[in-house]
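Accompanying notes for the structure given below.
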Amino acid sequence: MELELRHLRVLCAIADAGSVGRAAAALGQSQPAMSTQLRRIERFLGEALFERRASGVAPTQYGAEVLVQAREVLARVAAIGSRPQGPPGEARRTLRLAATNSSILPGMVARARGRMPDVALSVSSVYASSAIVDLLERGEVDAAIAADYPGLPLCHSDAVTHRGIVTEPVFVALPARHRLRYQSEVELADLAEDAWFVTPDDGAGWPGVFHDACAAAGFQPHAVHEFIGDRHQLQSMIADGLGVSLVQATLRPIADVLVKPLAGTPLWCRYVLAWCPDRVGEQLAETLFGAATATHHELLSRAPHFQAWASAT
């Protein structure tokens, strides 16, 4: 056989649905027919692309790599011959998107571009979720990825609406030679004497929820370094043994850094899609939401520390 676009669409549909059966329904096929297609594709590529589980399927490491390439090919094909809607010479509509520090952003933008070739995306990095809400309220951005925490939902006026993308546990990143390196999960209290890298106030409840969790565990952080640099800089300092940090469950650690769950999961973070309904229609919001959730699903498939936690929880 030769690999065709329809095969790539099948792979992406399975990954997005998390199930061969749900993907078959979405594409109007029978489950046996789609399962047969998947087996043929895997034989052609010479390696399994999905792990079969009781709850469905998840991409293997090789499968995740293939999916990234497949989505890029499909996005490029979708863009061939596409022209802006409207009168000749009229500029494409620009969707102004803001985002807090989330690993969802790159994949979401790539997917959104492929699904909306007639819309130009302008992306702004904004750390504080409260600042993102202000930008939405003032009409300076149209949609955004923001964060909030259990019991502290994102606050905004009726001019803005939001929808939860995912609520995920907060993990901890440690130096590879850390004294707790052999623990499958780490008690927060056992980190009482460690130095912490903590990002600044995000206007949505952080770092208050971190300090509350430490207090509930019976300690105050020994030393806190306020840090707002990029993830690679943070991991480099952790690898050098300068401290530990709470991180997103989807973080891919560099060499000499370990990512582990916290025992009892004392901290959670929710990522939300927020938008202004008067500037972002229902269909566009649904496209952005679908791109965000598909991206997060793929990120989880590449995070063995999260998969191990999920299997044991």
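The values are calculated or read from the model by the stated rules, or taken from the named source; none is laboratory data. These numbers were taken from a predicted model, which means no experiment stands behind them. Cβ atoms come from the backbone with ideal geometry, glycine included; neighbour counts cover every protein chain shown.
For this structure, a couple of remarks:
- Subset of region 273-287 [touching a residue at least 24 places away in the same chain (Cβ under 8 Å) and not aromatic (Phe, Trp, Tyr)]: LEU273, ALA274, CYS276, PRO277, ASP278, ARG279, VAL280, LEU284, ALA285, THR287
- Residues that are under 16 Å from VAL141 (Cα atoms) and of a type in the set (Asp, Glu), drawn from region 258-309: ASP278
- Identity of the residue in region 76-109, surrounded by fewer than 17 Cβ atoms within 10 Å (Cβ to Cβ) and of a type in the set (A, V, I, L, M), that ends up modelled with the lowest pLDDT: ALA91
- Taken together, ALA147, ALA110, ALA131 contain a single residue that is assigned by TED's automatic domain parsing to the domain that holds GLY290, in contact with a Ser or Thr (Cβ under 6 Å, 6 or more places away or on another chain), of a type in the set (A, V, I, L, M) and closer than 29 Å to SER245 by Cα, which is ALA147.
- Some residue of region 283-302 being closer than 19 Å to VAL172 by Cβ, surrounded by 15 or more Cβ atoms within 10 Å (Cβ to Cβ) and among the hydrophobic types (A, V, I, L, M, F, W, C): yes
- Put simply, of ARG252, ARG279 the only residue that is under 23 Å from PRO106 (Cα atoms) and assigned by TED's automatic domain parsing to the domain that holds THR161 is ARG279.
- For ALA176, the test of being surrounded by 14 or more Cβ atoms within 10 Å (Cβ to Cβ) and closer than 22 Å to LEU152 by Cα is failed.
- Count of residues meeting criterion [more than 11 Å from the chain's Cα centre (by Cα) and more than 15 Å from THR60 (Cβ to Cβ)] in region 270-305: 19
Conditions (1) aliphatic (A, V, I, L, M); (2) farther than 17 Å from GLN248 by Cβ; (3) assigned to a helix (DSSP H, G or I), marked per residue:
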| residue | (1), (2), (3) |
| --- | --- |
| GLU140 | no, yes, no |
| ASP148 | no, no, no |
| ALA173 | yes, no, no |
| TRP196 | no, no, no |
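- Output for region 266-289, where each listed residue is out of contact with any Lys or Arg (no Cβ under 8 Å at 6 or more places or on another chain) and part of a helix (DSSP H, G or I): GLU282, GLN283, LEU284, GLU286, LEU288
- Among the candidates GLY63, GLY18, the residue that is touching a Gly at 6+ places or on another chain (Cβ under 6 Å) and either surrounded by 12 or more Cβ atoms within 10 Å (Cβ to Cβ) or not small (Gly, Ala, Ser) (or both) is uniquely GLY18.
- GLU298 being among the acidic types (Asp, Glu), in contact (Cβ under 8 Å) with a residue 12 or more places away in the chain and assigned to a helix (DSSP H, G or I): yes
- Whenever a residue of region 24-53 is in a helix (DSSP H, G or I), its partners that are of a type in the set (Phe, Trp, Tyr), lying with C-beta atoms within less than 9 angstrom and at least six residues away or across chains, give the pairs LEU38/PHE50; GLU42/PHE50; LEU45/TYR62.
- Top-ranked residue in region 191-206 [being under 22 Å from LEU258 (Cα atoms) and surrounded by 15 or more Cβ atoms within 10 Å (Cβ to Cβ); ranked as nearest to the chain's Cα centre (by Cα)]: THR199
- Contacts under 6 angstrom Cβ, first residue in region 260-272 being over 23 Å from PRO153 (Cβ atoms) and touching a residue at least 40 places away in the same chain (Cβ under 8 Å), partner crowded, with 21+ Cβ neighbours inside 10 Å and aromatic (Phe, Trp, Tyr), 6 or more apart: PRO261/PHE171
- Condition met for LEU273 (surrounded by 21 or more Cβ atoms within 10 Å (Cβ to Cβ) and either at pLDDT below 95 or of a type in the set (Gly, Ala, Ser) (or both)): no
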